[in-house]
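Here the structure is laid out as structure tokens; the discussion comes afterwards.
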Amino acid sequence: MDTDKRYLSRLDVATLFDVSPHTVYRWTREGRLPYVLTPGGRRRYPREEIQRLAASWLQVHTTADRTMRRAS
């Protein structure tokens, strides 16, 4: 993933979230991910917004994992 790019491809986003490209497509259809359309009709994802989402998603799951470990 080229960190100098302003926009990410679906594969870049999938790699960042550790999910399949199909999951990224589904999240996009569900309105969970922001995107822009290129003149050729391809979806591109704003790097900064996607990285913010990934960081908040990881923070939520890390906190939940710690809570579950304490409860065990």
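The values are calculated or read from the model by the stated rules, or taken from the named source; none is laboratory data. As the structure is a prediction and not an experimental result, all values here were calculated from the model. Note: ideal-geometry Cβ built from the backbone for every residue, glycine included; neighbour counts use all protein chains shown.
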Please work out if ARG52 is among the charged types (D, E, K, R), without any contact (Cβ under 8 Å) to a residue 40 or more places away in the chain and assigned to a helix (DSSP H, G or I). yes
Cβ-Cβ distance below 7 Å, separation of 6 or more or different chains: which pairs start in segment 17-39 with a residue that is under 20 Å from ARG6 (Cβ atoms) and assigned to a loop (DSSP other than H, G, I, E, B) and end on one that is at pLDDT 95 or above and charged (D, E, K, R)? PRO34/GLU49; TYR35/ARG43; TYR35/ARG44; THR38/ARG44
